[in-house]
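The values are calculated or read from the model by the stated rules, or taken from the named source; none is laboratory data. Just so you know, these numbers come straight off a predicted model, no measurement behind them. Positions of Cβ are generated from backbone atoms using ideal geometry, with glycine treated the same way; all protein chains shown enter the neighbour counts. Each accessible area value is taken on the protein alone, full model and side chains, heavy atoms only, with ligands, DNA and RNA left out. Shrake-Rupley method; radii C 1.70, N 1.55, O 1.52, S 1.80 Å.
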Amino acid sequence: MSKILVTGGLGYIGSHTVVELQDEGYDVVIIDNLSNSSIEVLSRITSITGVKPAFEQIDLKNKEDVKQFFKKYTIDGVIHFAASKAVGESVDEPLKYYENNITTLTYVLKEMTANNVKNFIFSSSCTVYGQADELPITENAPTKPAESPYGATKKMGEIIIEDTTKATDLNAIALRYFNPIGAHETAKIGELPLGVPQNLIPYVVQTAAGIRECLSVFGDDYDTPDGTAIRDYIHVVDLAKAHIVALNRLLKNENKAKCEFFNIGTGTGSSVLDVINAFEKATNKKVNYKTVDRRAGDITSAFADTSLANKELGWKAELSLEVALASSWKWQESL
Ligand code: WQD
């Protein structure tokens, strides 16, 4: 049974991916430093799958710990989620982001290549495209100057990985996520936003739950049908499943290049007002909102052309916006 390391495996997308890996029969070991996750997620994953993943509380900034890990475990593939991901925070603390997202990536890649671990799946982001000139966005759309240090770490990460695949036996797939939302159907795992949510769906859900007074819609003067910004919201379980097919592609040596890139989205754009309406329809809950000024750094519209992932990975998002939003609400009710 192939043993897969999932870094950041107790986090939002990581935990959903561990569940899908275990359901596929993989032997999973998680590294997490618990800086933005809870150890309780380990028992919740176990309660879903019936299998307790191995867990190592390691901070990937500790080079020696990373080295010792790869001596202790024989790993067949790595799915790398561990990183800081708050766009706003990255503007205030760029060095925290470059250390935590880039330095750690180099330590993981260094120990993988030193220990002949050849299969690497990277958590990238549609943020590398900035405001694309053409929609839907394909993988060969030009990447744009990053809007934030967070976005810069995703662009730099892809370059570091691609260069490493050229110089070593490493094979890699970077999955460029659009906007992950929703929670596992059991409502045992989901997004655990710390403090005031920065992302739309956690804020919508907390407003409906009465935790937040009112949702601020950041701008209604965009060049879109209803004036609010458009994104491609993908259910986190669909996103998790994309990691499994990408990993299988590498384990079976079916990749057509040493480093490949795939957009992982639904292919459908939804505006902020679309999301609010869909949430209210899916949950019968009212969302109290007001329109305010645009948020700095936001783009008008982004949604994926997913034909490459459909064709090459045989993967397609299956779950609808309404199903995803209903799962977010069910998760909130469980908290
Ligand atoms: C979505 C839309 C906001 C909050 C970022 C990163 C991406 C990924 C997800 C990490 C936008 C609007 C939001 C609110 C609002 N990062 N909004 N009121 O900015 O598309 O993507 O987060 O995983 O890499 O770039 O996601 O959820 O913050 O915003 O009106 O209170 O909702 O303006 O149009 P975003 P988001």
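Among the residues that make up segment 172-184, is at least one of them over 23 Å from ALA242 (Cβ atoms), of a type outside the set (Lys, Arg) and open to solvent by 10 Å² or more (accessible area, probe 1.4 Å)? So far as segment 172-184 goes, no, none of its residues is over 23 Å from ALA242 (Cβ atoms), of a type outside the set (Lys, Arg) and open to solvent by 10 Å² or more (accessible area, probe 1.4 Å).
Looking only at residues that are buried (at least 22 other Cβ atoms within 10 Å of the Cβ) and of a type in the set (D, E, K, R) in segment 215-237, which one is nearest to the ligand (Cβ to nearest atom)? Taking the candidates together, the pick is ARG231. Looking at segment 239-249, can you tell me whether even one residue there is assigned to a helix (DSSP H, G or I), away from the ligand (no atom under 15 Å from the Cβ) and in contact with a Gly (Cβ under 6 Å, 6 or more places away or on another chain)? Among the residues of segment 239-249, at least one is assigned to a helix (DSSP H, G or I), away from the ligand (no atom under 15 Å from the Cβ) and in contact with a Gly (Cβ under 6 Å, 6 or more places away or on another chain), which makes the answer yes.
Take the conditions (1) open to solvent by less than 50 Å² (accessible area, probe 1.4 Å); (2) acidic (Asp, Glu); (3) within 9 Å of the ligand (Cβ to nearest atom); GLU147 misses just one of them, which is (1).
Only a single criterion out of (1) buried (at least 23 other Cβ atoms within 10 Å of the Cβ); (2) more than 12 Å from the ligand (Cβ to nearest atom); (3) not β-branched (Val, Ile, Thr) is not satisfied by SER123, namely (2).
Keeping to segment 150-165, report how many residues are away from the ligand (no atom under 16 Å from the Cβ) and touching a strand residue (DSSP E or B) at 6+ places or on another chain (Cβ under 8 Å). Final tally of qualifying residues: 4. ALA257 meets each of the listed conditions (1) under 18 Å from ALA172 (Cα atoms); (2) aliphatic (A, V, I, L, M); (3) free of Cβ contacts under 8 Å to residues at least 40 places away in the same chain; (4) within 14 Å of the ligand (Cβ to nearest atom) apart from (4). Taking the conditions exactly as written (farther than 17 Å from THR224 by Cβ, within 21 Å of the chain's Cα centre (by Cα), more than 16 Å from the ligand (Cβ to nearest atom) and in contact (Cβ under 8 Å) with a residue 12 or more places away in the chain), does GLU333 satisfy them or not? When the stated conditions are applied, GLU333 does not pass them. Any residue that is of a type in the set (Gly, Ala, Ser), within 24 Å of ILE181 (Cα to Cα), in contact with a helix residue (DSSP H, G or I) (Cβ under 7 Å, 6 or more places away or on another chain) and modelled with pLDDT of 95 or more - is there at least one of those in segment 41-63? The answer is no; no qualifying residue exists. The numbered conditions (1) in a helix (DSSP H, G or I); (2) open to solvent by less than 20 Å² (accessible area, probe 1.4 Å) are all true for THR46 except (2). Scanning segment 60-92 for residues that are of a type in the set (A, V, I, L, M) and within 29 Å of PRO193 (Cβ to Cβ) yields LEU60, VAL66, VAL78, ILE79, ALA82, ALA83, ALA86, VAL87, VAL91.
Quick one: how many residues across segment 285-305 are in a strand (DSSP E or B), more than 10 Å from the ligand (Cβ to nearest atom) and either of a type in the set (Phe, Trp, Tyr) or surrounded by 13 or more Cβ atoms within 10 Å (Cβ to Cβ) (or both)? Number of matching residues: 1. Can you tell me how many residues in segment 80-101 are within 16 Å of the ligand (Cβ to nearest atom) and in a helix (DSSP H, G or I)? Of the residues in segment 80-101, 11 are within 16 Å of the ligand (Cβ to nearest atom) and in a helix (DSSP H, G or I). Answer yes or no: is there a residue in segment 265-275 that is closer than 25 Å to ALA209 by Cα, within 12 Å of the ligand (Cβ to nearest atom), open to solvent by 10 Å² or more (accessible area, probe 1.4 Å) and under 19 Å from the mean Cα position of the chain (by Cα). Within segment 265-275, one or more residues are closer than 25 Å to ALA209 by Cα, within 12 Å of the ligand (Cβ to nearest atom), open to solvent by 10 Å² or more (accessible area, probe 1.4 Å) and under 19 Å from the mean Cα position of the chain (by Cα). With respect to the conditions (1) aliphatic (A, V, I, L, M); (2) more than 13 Å from the ligand (Cβ to nearest atom); (3) open to solvent by 30 Å² or more (accessible area, probe 1.4 Å), LEU200 falls short on a single one, namely (2). I'd like the full set of residues that are under 12 Å from ALA229 (Cα atoms), part of a helix (DSSP H, G or I) and not hydrophobic (A, V, I, L, M, F, W, C), limited to segment 271-284. Within segment 271-284, ASP274 is the sole residue that qualifies.
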